[in-house]
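Okay, so here's the structure we're looking at.
Every number here is computed from the coordinates shown, using simple stated rules; none is lab data. Just so you know, these numbers come straight off a predicted model, no measurement behind them. Ideal geometry is used to build each Cβ from the backbone, glycine not excepted, and the neighbour counts take in all protein chains shown.
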Amino acid sequence: MSHPGDPRSPAAWNATLTLFFELKAGEALEYEYTYDESKFVVKGRFRLTDMKTGEQSIADAGEILFSPKGTPVKVETDAYALGFFTGDRDFAA
């Protein structure tokens, strides 16, 4: 039997979001994270700019980016980027 903190529990599945994210040059995305998110760069390069501080993070294929909840970002790529991300959506708790 599993409990809510157990990753095998359906309650844990509902709190975690995992998706592929594709971005092409010229398709910048501005977003404010409503949960902590980690992104693994599968292909290409992502450039994230923290809209509060102006600080930039660049990650190439094989690298990982982390964005804490509440961070307003602009996500860009010079050509093409594919990422796999996971986030804790249980922000309402």
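If the label point is 7 Å along Cα→Cβ of residue 88, which residues in segment 17-57 have backbone nitrogen under 14 Å from it?
17, 34-38
Starting from the Cα of residue 52, draw a straight line to each of the lysines and keep only those under 25 Å, dropping any in the same chain fewer than 8 residues away.
Cα-Cα hits under 25 Å: 24, 39, 69, 74.
Grab the Cα-Cα distance for residue 79 and residue 53, subtract it from 0.36 nm times how many residues apart they are, and report the gain in nm with one decimal.
Length gained, residue 79 through residue 53: 6.9 nm.
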